[in-house]
Amino acid sequence: MPQAISDSMGSIEYALQLRHISKTYPGVKALDDVSFDVMKGTVHSIIGENGAGKSTLMKIINGMEAANQGEILVYGRKEEITSPKTAKNLGIAMIFQELVYVPNLTVGENFFIGKHPKGKNGFIDWKHIYAEAQKRLDTEGLAFSSRKVMSEIPISDIQLLEIIKATTENASIIIMDEPTSSLTNHETLRLFEKIKRMRDEGRTILYISHKMDEIFELSDCITVMRDGKTIRTGPVAEFDRDNIIRMIVGREIASVYPAVKPPEKEIVLDVQGLCRGKTFQDVNIKLYKGEILGIAGLVGAGRTEIVQAICGLDLRDKGDIFVEGRQVKITDVQSGIRAGITLATEDRRKFGVVMGFSIKHNITLPNLYQFLRFIFIDKRHERTEAQKYFEKMRIKAISLNTEAYTLSGGNQQKLVLAKWMMSKPKILILDEPTRGIDVGAKYEIYELMRDMAESGAAIIMISSELPELIGMSHRVYVVAEGRIAGELPKEAVSQVNIMNLATGGK
Ligand SMILES: Nc1ncnc2c1ncn2[C@@H]1O[C@H](COP(=O)(O)OP(=O)(O)OP(=O)(O)O)[C@@H](O)[C@H]1O
Ligand SMILES: [Mg+2]
């Protein structure tokens, strides 16, 4: 139990108190009278559907956005947080997912950016900077030199560096918005250790995630938001998986995976002897019409690299690819698409969304040929098709004409998935299709996958979330260290069997 809760004197100390916060964007009430308290020395998770207002609220606390109404108390005192700088002075720091750092600075320089300590002679004391920075790296167990350039450091280490930087700058309230979405399991555990240590030091962590396991592992308190409102806030003991899902989506969801008809006998994709250097070797994959094939494995095992090589996004040294029995030459994404293979990459925001375009155009532009009538676009058909995905995926926006940049992170993800699903490829490869997507919309995406498979497409799904992989796949390949370590038919697909193969067991 965190100290603040067990304080028998009844003098609970609050890090933050949010009072009647509202925020309106043109046509959208992003936050509607949000009030809740955050106790000092706790991990307080904020959870809710895509577009519920979580990121907006965090940006207001961090001074990046201004609320239209409401007030914020920091350690009991009312404060006007008008910029990230004022937030910083109050001890509030936000760790961003798209991390902001200057790539060609060294780790040491980055630590002391803007406040380089000067020596007696008035010059910047580099020796001191690097020594200080190194001390911090060592205590945190980061095994690299403080003279290393930022661009050479993996993203997970940079995230940790940003956290260390914030804590050495005496940040006592730390906001993390979906921090684990591109971390491996191991890196996630390391981050959790750090979060718990920070809490034990009396710091307060505001934590946003769509992953239920993380929420229950980390949280002392939880706030559920929906449609810009606080639905419930309280200690973790008041919540369980079922009631939390109901609060998040505001309706019952049949939390079972839709049954998918068994695949047909016809092989659609046949990959033989795919190799690339040390990344993957001798990969053979057979995929049947109407099949959903899962690819499991630890993050970093080579799953993404393999599918990127199949679709032409990345290179391969060797290997033949056959589509419907005919060998195809895939040298780039275009030739992959011509061969009938489309990949929805895991990094959808980077590769997929055109921010200045409307929702409709983001979904339909690459698919316009479907709506051609002679030389004209059948606008009505285009619209009804786009509308179908808009509703089905529960994209949160006023209309199809809303511009993509105004959408929340998860809703942008949905756009890209919709676009690729609408293109109706023979073979659709989905890399982490539900990352960043809320529990309610996940099930809608599973249903779309089923519909596609039953209408004859073949789907490969990579997912680190074993329950969905197990729930949706007809068959699973497990990748370990760049090789297919084993194949599990539906009857044998289980967490234990997958993990055994993924970690090199039998
Ligand atoms: N600049 C903007 N202009 C217009 N609307 C916006 C803008 N930024 C956010 N919104 C809207 O505010 C609402 C809340 O968005 P927010 O990003 O806070 O959601 P979220 O809870 O973080 O969702 P996710 O889980 O998808 O990240 C959404 O309806 C979003 O479309
Ligand atoms: Mg968000």
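We did not get these values from a lab; they are worked out from the coordinates using the rules stated. These numbers were taken from a predicted model, which means no experiment stands behind them. FYI the Cβ positions are ideal-geometry reconstructions off the backbone, even for glycines, and counts take in every protein chain you see.
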*For ASP378, enumerate residues with amide H under 5 Å from its amide H, sequence gap 5+ or separate chain, H modeled in the peptide plane.*
LEU372, ARG373
*Check the straight Cα-Cα distances from LYS54 and name the aspartates and glutamates below 14 Å, setting aside those fewer than 8 residues away within the same chain.*
ASP32, ASP33, GLU65, ASP177, GLU178, ASP227, ASP438
*Whole-Hz Karplus ³J(HN,Hα) for the range 312-321, in order, using 6.51 cos²θ - 1.76 cosθ + 1.60 and θ = phi - 60°, x for Gly and Pro?*
x, 6, 9, 8, 9, 7, 8, x, 10, 10
*In whole Å, how far is the Cα centre of the range 286-354 from that of the range 188-206?*
38
_Out-of-range pairs (alpha-carbon distance over 25 Å; input LYS59/LYS396; LYS40/LYS118; LYS196/LYS229)_ = LYS40/LYS118; LYS196/LYS229
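Given an 8 Å cut-off on Cα distances and at least 6 residues of separation, report the relative contact order of the range 231-326 as a percent.
Here the relative contact order equals 29 percent.
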*For labels at LYS388 and VAL496 in the simple 7 Å Cα→Cβ model, what's the distance in nm?*
4.3
*Which lysines have a Cα less than 20 Å from the Cα of LYS329, not counting those fewer than 8 places away in the same chain?*
LYS286, LYS318, LYS426
_Under 18 Å between alpha carbons, and skipping anything fewer than 8 positions from LYS120 in its own chain: which aspartates and glutamates qualify?_
GLU132
*Exposed-site-free run, longest, the chain (rule: chymotrypsin sites (Phe, Trp or Tyr not before Pro); DSSP loop; at most 10 other C-beta within 10 Å)*: 124-373
*How much of the calculated P(r) for the range 347-424 lies past 22 Å, in percent of all Cα pairs?*
16
*Summing -39500 (n - 2.57) over the DSSP H runs of n ≥ 4 in the chain and dividing by its residue number, what mean residue ellipticity at 222 nm do you reach, to the nearest 500 deg cm²/dmol?*
-9500 deg cm²/dmol
*asked:* If a paramagnetic tag sat 7 Å from the Cα of LYS278 along the Cα-Cβ line, which residues of the range 142-185 would have the backbone N under 16 Å from that point?
replied: 154
*Output ³J(HN,Hα) for the range 159-167: one whole-Hz value per residue in order, computed from phi by the Karplus curve 6.51 cos²θ - 1.76 cosθ + 1.60 with θ = phi - 60°, and x for Gly and Pro.*
4, 5, 4, 4, 5, 4, 4, 4, 6
*Give the calculated FRET efficiency between LYS329 and ILE253 to the nearest 0.05, with a Förster radius of 41 Å applied to their Cβ-Cβ distance.*
0.40
_Under a Cβ-only charge scheme (Lys and Arg +1, Asp and Glu -1), can you give me the dipole magnitude of the range 102-170 about the Cα centre, in debye to the nearest 20?_
320
_Kirkwood Rh, Cα atoms: Rg over Rh of the chain_ = 0.99
*Pull up all non-local amide H partners of TYR14: gap of 5 or more, or a different chain, and H-to-H distance under 5 Å with H placed in the peptide plane.*
LYS40
_Cα gyration tensor shape of the range 171-286, rounded if a/c is under 1.5, else prolate or oblate by comparing a/b with b/c_ = oblate
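Listing ASP177, ASP242, ASP227 from the residue with the fewest other Cβ atoms within 10 Å to the one with the most, what is the order?
The fewest-first ordering by Cβ neighbours comes to ASP242, ASP227, ASP177.
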*At each listed q (0.12, 0.13, 0.15, 0.25 Å⁻¹), what is the log10 of I(q)/I(0) that the Debye formula gives for the range 304-402 modelled as equal alpha-carbon point scatterers?*
-0.55, -0.63, -0.79, -1.22
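Can you tell me, using C-alpha contacts under 8 Å and at least 6 residues apart, the relative contact order of the range 347-424 as a whole percent?
Across the range 347-424, relative contact order equals 48 percent.
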